[in-house]
1. Give A:Asp51, A:Asp70, A:Asp66, A:Asp46 a once-over and let me know the one that is loosely packed, with under 14 Cβ neighbours inside 10 Å, in contact with a helix residue (DSSP H, G or I) (Cβ under 8 Å, 6 or more places away or on another chain) and in a loop (DSSP other than H, G, I, E, B).
2. How many residues does region B:93-103 contain that are hydroxyl-bearing (Ser, Thr, Tyr) and either surrounded by fewer than 20 Cβ atoms within 10 Å (Cβ to Cβ) or at pLDDT below 95 (or both)?
3. Just to be sure before I move on: is B:Tyr360 at pLDDT below 95 and of a type outside the set (Asp, Glu) in the structure I sent?
4. For region B:337-392, enumerate the residues that are within 26 Å of the chain's Cα centre (by Cα) and farther than 26 Å from B:Glu122 by Cα.
5. Just one of B:Lys75, B:Lys117, B:Lys106, B:Lys56 is surrounded by fewer than 23 Cβ atoms within 10 Å (Cβ to Cβ) and within 23 Å of B:Arg196 (Cβ to Cβ); which is it?
6. Taking the condition touching a Gly at 6+ places or on another chain (Cβ under 8 Å), assigned to a helix (DSSP H, G or I), within 29 Å of B:Ala227 (Cβ to Cβ) and touching a residue at least 24 places away in the same chain (Cβ under 8 Å), does B:Ala58 pass?
7. Which is over 30 Å from B:Asp230 (Cβ atoms) and more than 9 Å from chain B (Cβ to nearest Cβ), of A:Lys14, A:Lys93, A:Lys41, A:Lys26?
8. Residues that are under 16 Å from B:Arg256 (Cα atoms): find the strands (runs of 3 or more DSSP E) completely inside region B:371-485 holding 2 or more of those.
Amino acid sequence: MAGTWDLDVAYVAKLARINLTKDEAKIFRKQLNDVLQYVEKLREVDVTGLDAAAHALPVFNVFREDAPRDWFTAEQALSNAPRQANGLFVVPKVVE
Amino acid sequence: MTENELAALSIADLQSLLRRREISPREVINTLRARIEAVDPDIGAYLSLDSDAAVKEAEQANVDLPLGGIPIAIKDIINVMGQQCTCASKILNGYRAPYDATVIQKLRAAGAIPFGKTNLDEFAMGSSTENSALKSTRNPWDLARVPGGSSGGSAAAIAADEAFGALGSDTGGSIRQPAALCGVVGLKPTYGRVSRFGLVAFASSLDQIGPVTKTVRDAGLIMNAIAGHDPQDSTALNAPVPDYVANLGNALRGIRLGVAKEYMIEGIDPQVRAAIDAAVKQLNSLGAEIVEVSLPSTEYAVAVYYIIATAEASANLARFDGVRYGYRAENPKDVLDLYGRTREQGFGPEVKRRIILGTYVLSSGYYDAYYLRAQKVRELIRRDFAGVFEKIDALISPTSPVAAFKVGERVADPLQMYLADIFTIAANLAGICGISVPCGFAAMDGHRLPIGLQVLGKPLDEARVLQIAHAYEQSTDWHKARPPIAPNLPKA
């Protein structure tokens, strides 16, 4: 398992798209390294031959009819938008 | 009957009064509203209360339906059409639900009236409700202490007679632990027993909605309404729904109850241990056979949980980006600035911590070491339970190793807070069902603090778990105790 002292909080926060203040990053580094040190105990478990349990109970291949149905109107879907115009969500320019 | 006596009724007793037309659904809403206005300034269980909508629904209520005219409080992480759904986060500021969650549709179909949205740890991440960005909720048994969490608002509302029944959600103990700390009943159903459609997702492979109530029977009555298959949730199990109250009252003779030796850990408060020992004797005297069993992977459950739950949370909470709903940072200079500052300003510290941890354990180079390994150990935990359930009908343990702790006492050390989830977490990892039922009190600083007994059952064996909890409850007086809140309410 990876070492526990290399959690670069600022870098991971960037991956997670969360700005952090320097103070926050410092506190989180200490707290999260404590947690990572604690989970190191999983290294002692022999996991050879074990399947990963993505789900607790065996349910596979749940399909539904691929048929159109009523859902939100555009107006309902936009009803909570922080900014909207012409039936669309407004965001800062993405493409130059 | 005074307003306080009316507010203290169980769902089953309130139902009798309604069906005998001794009280109207409208009077019930008015009584509850008066009770909430009197005690909630001290307790802080509710984030919002749409009285006008509830009164309107009460006027149409059909009291002969299974939950006809019964108001049910809803954890504010479940969508109720037209109402706010804050998840106790600033990032959902201004959001109004454009639809009803499946559980809300089902409650309405059973005649119930969703009334009030209850406080929680932000996005259900926490064990004390102190992580709410919006409000502080206090334990009705001692206002200096936490109600537990994350469904702390729902549990405190039930304990303080501010609700007849409530819905919570349980990802690692978030229904059972606050129920234990507030001295009420909380049931976490089997994963997939209740639809998650309309529950804002925290950890999708662990989350489950369930009832918080004054009695075990009431939990069964709510389960009768909300359990079942839902095409909107591909993980909702397509299995028949039994009548969850039909077998209440059946004797415990022949039932085999397991006590896991790995659960006898050092960190258990002596008063909690004494209460659980007494409960085990009581269950034995009721005819149940007590069997010692072993769950060898128990010591890894908390570590597995905090990898899997944070990984899933980091993916689920990516949707809160300031684009489609909720809070958006002002004057973003580009789209990355929009995301980064919206999430900085919108999320509280515990949510940020968990998203960062979850992002890390899923990131390139660490995925196999953390996430994949955790999922494999999860399989061992699941097998532990599957193995013991071949020999026993249910497991019994404390719900929480300690009674309610003081506000502020544990916030600085997240790891210590996580470790207190030891008895509840494994049930979510294994997908099994479990209930917490009051089993005594710890004396602390001149207050009586409730203790909870946990009964864990096989997948889809909620009826059995309810039967065991009911038999225990009815043979004791713990559920009749009310917290020392004495507002001066007028006589009804």
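1. On the way: A:Asp70 fails: in contact with a helix residue (DSSP H, G or I) (Cβ under 8 Å, 6 or more places away or on another chain); A:Asp66 fails: in contact with a helix residue (DSSP H, G or I) (Cβ under 8 Å, 6 or more places away or on another chain); A:Asp46 fails: in contact with a helix residue (DSSP H, G or I) (Cβ under 8 Å, 6 or more places away or on another chain).
A:Asp51 is the lone residue from the list that is loosely packed, with under 14 Cβ neighbours inside 10 Å, in contact with a helix residue (DSSP H, G or I) (Cβ under 8 Å, 6 or more places away or on another chain) and in a loop (DSSP other than H, G, I, E, B).
2. 1
3. On the way: at pLDDT below 95: no; of a type outside the set (Asp, Glu): yes.
For B:Tyr360, the condition - at pLDDT below 95 and of a type outside the set (Asp, Glu) - is not met.
4. Listed by number, the residues that qualify are B:Val377, B:Glu379, B:Leu380, B:Ile381, B:Arg382, B:Arg383, B:Asp384, B:Phe385, B:Ala386, B:Val388, B:Phe389, B:Ile392.
5. B:Lys106
6. Spelling it out, B:Ala58 is indeed touching a Gly at 6+ places or on another chain (Cβ under 8 Å), assigned to a helix (DSSP H, G or I), within 29 Å of B:Ala227 (Cβ to Cβ) and touching a residue at least 24 places away in the same chain (Cβ under 8 Å).
7. On the way: A:Lys14 fails: more than 9 Å from chain B (Cβ to nearest Cβ); A:Lys93 fails: more than 9 Å from chain B (Cβ to nearest Cβ); A:Lys41 fails: more than 9 Å from chain B (Cβ to nearest Cβ).
Unique residue meeting the criteria: A:Lys26.
8. Per the criteria, B:394-398, B:447-457.
The values are calculated or read from the model by the stated rules, or taken from the named source; none is laboratory data. Remember, predicted model here, so these are calculated numbers, not experimental data. Note that we place each Cβ from the backbone using ideal geometry, even for glycine, and neighbour counts take in every protein chain shown.
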